[in-house]
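Student: Please find one structure pasted underneath; my questions will follow.
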Amino acid sequence: MSLRVLEILAFFAVVVADAFGFVPLTQTVLLLPLVWVSLHFRHEPWSTIGFSRPPSMAQSIAVGTLAGIALEAFAVSVTTPWISGLVGVEPDYSEVSGVKGNLGLLMVFLGLSWSLGAFGEELCFRGFLMKRLAQLLGETRIAWVASLVLASVLFGWGHTEQGVSGWIQEGLSGFLLGVLFLLANRNLVVAIVAHGVSNTVAFVLIYFGHYPGLA
């Protein structure tokens, strides 16, 4: 069994363990060390998985910001209601319901969502996992498309605490973030900013009590 296969299996194992509640806080706290060890062992720079300065940082931030707002607006107004109607249940956001009306908790969750969510998840799922899957499959155009789909499914399943509709919605969000990653020539900055902005909009809406599935 190749080292690349072992890395992917280890990644999958962490997500599965998290789905069954065996990982404290978030799977990212285990995935980030896995990514670091892999790159260090292979003597690969972080740019190998897309974490590098883009040709225009200002343009990447602007595109990421607009994309993040659009992604969250699309999720709130279109896909989340549609998915909830399809499966017969809304996403379960009970874990973050305490943010409603609590400014201090909102600030805590925004910090976590940008560090462990936007930065950590994009680095792990879009950067590392998609790269390793594409390499395993031959790193052709089709291989990258396949890696996008597989990584998105796993990303969605990593949010099983939100219920089946949340699982599907997060998988779709992961897919769209993966598309942004590929369109940006596999540079992570646009996807990181889009992810962070999308989460920020979501938490602000939760704070004001206006979010689908919020009890």
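Student: In the set 187, 199, which member is more than 24 Å from residue 13 (Cβ to Cβ), open to solvent by less than 50 Å² (accessible area, probe 1.4 Å), assigned to a loop (DSSP other than H, G, I, E, B) and touching a residue at least 60 places away in the same chain (Cβ under 8 Å)? So that I can check it myself, show each step before the final result.
Tutor: On the way: 199 fails: assigned to a loop (DSSP other than H, G, I, E, B).
Among 187, 199, only 187 is more than 24 Å from residue 13 (Cβ to Cβ), open to solvent by less than 50 Å² (accessible area, probe 1.4 Å), assigned to a loop (DSSP other than H, G, I, E, B) and touching a residue at least 60 places away in the same chain (Cβ under 8 Å).
Student: Exactly one of (1) within 16 Å of the chain's Cα centre (by Cα); (2) among the β-branched types (Val, Ile, Thr); (3) modelled with pLDDT of 95 or more is unmet by residue 142. Its number?
Tutor: (1)
Student: For the stretch 1-59, name all the residues that are farther than 25 Å from residue 170 by Cα and touching a Ser or Thr at 6+ places or on another chain (Cβ under 6 Å).
Tutor: Result: 54, single match.
The values are calculated or read from the model by the stated rules, or taken from the named source; none is laboratory data. Please read these numbers as outputs of a predicted model, since none were measured by experiment. Note that each Cβ is placed from the backbone with ideal geometry, even for glycine, and that neighbours are counted across all protein chains shown. Keep in mind that these areas ignore ligands, DNA and RNA; they rest on the heavy atoms of the full protein, side chains included. Shrake-Rupley method; radii C 1.70, N 1.55, O 1.52, S 1.80 Å.
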